[in-house]
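The values are calculated or read from the model by the stated rules, or taken from the named source; none is laboratory data. Note that the coordinates shown come from a computational prediction; the quantities given were computed from them, not determined experimentally. Reconstructed Cβ throughout: ideal geometry from the backbone, glycine too, with neighbour counts over all protein chains shown. Protein only, heavy atoms only, side chains kept; ligands, DNA and RNA dropped before computing areas. Shrake-Rupley method; radii C 1.70, N 1.55, O 1.52, S 1.80 Å.
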Amino acid sequence: TVYGVDFSPNGRLVAAAGRGGVRVSTDTGRELTTLLPRTLVYSARFSRDGRFLVTAGADGAVRVWRVGEWREAASEVRIVPNLVARASFTDDGRFLVAGGYPGWPNRVWRFEEGRVGQQLTKRDGLGGWIEPDATARVVNAETAASAARLASAYPYSFTTSRDGTLAVVEGDELTRVVRTRTRKLVTTLPDAYGAVLSPGGSRVATQTGIIWDLEFREPVAMLSGFNEGMSFSRDGRLVVSASGEPDAARVWDVESGVVLAELPPRPPRYQDPVSLADP
């Protein structure tokens, strides 16, 4: 059973965490090593520069490994043992966040050149959490605490803007966009399990195939079919979606809703119905 998987930034290595530890393979499937072979591990994530791998086990132990050497770095990082244990580096590589999804206790440590440093607290003015897509956020401590409180009611259907000030929470057959610190409701969208925010926090894409503009509170594009998972590109101009019928990943233009690419390659399909609750 595999609980967590991640590609190295250059795409040449794959780390898969599961009941038999963490199996590290090349992109061609050649196995390189198995870390913690007799341990139940729920999470394995590469650092942005590809030099380190962090793992989180069901026993609450968080370990950092040097990629290539596969030597464990000295660390005493531990979290509360649970079934959604997660650990991840921030994009800039300066912090290590470990805990679980929003709503679970999350802790933040400084990280530099393979060394896990001081644990940060509210007194340091920083807080953080692990997003459902396993990326790490480190933001203002008050914002982090506010987001965690919001997320406690919806731990598996929750996502935030990159600065942590805006949150999308799902439940009670509604999708709410909320300011984390004030809890002020920005807008309410139709129920859309798996909604994601654009990097700038100005748009929301839903699995029902609609991209919403939060400033004007209206759809800007409608994507054909139902998409089981979605993510924005870093510049917010593209959306990639995963679909089960047929099995495919598609890249869409955010402004027009046009299919730009499909993997595996197939001719674009336009016969799928588009459903919008209030056209």
Compute log10 of I(q)/I(0) for the stretch 1-119 with the Debye formula, placing one identical point scatterer on every Cα and leaving out solvent, at q = 0.11, 0.17 Å⁻¹, to two decimals.
-0.30, -0.75
Label of the coordinate-derived value, Kirkwood radius over Cα pairs in Å, listed as [x] 19.7; [y] 19.0; [z] 25.3
[x]
Can you tell me the 0 to 90 degree angle between the C-alpha axis of helix 141-151 and the longest principal axis of the chain, rounded to 10?
60 degrees
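Could you check how many percent of all C-alpha pairs in the stretch 89-143 are farther apart than 18 Å?
Numbers: 341 of 1485 pairs.
Of all Cα-Cα pairs in the stretch 89-143, 23 percent lie more than 18 Å apart.
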Rg and Dmax of the stretch 64-186, Cα atoms, in Å?
15.0, 49
Cα lying deepest toward the dipole's positive end in the chain, options Ala221, Leu120, Val14, charges on Cβ
Leu120
Need one value: the accessible area of Arg234 in square angstrom, 1.4 angstrom probe, rounded to the nearest 10.
140 Å²
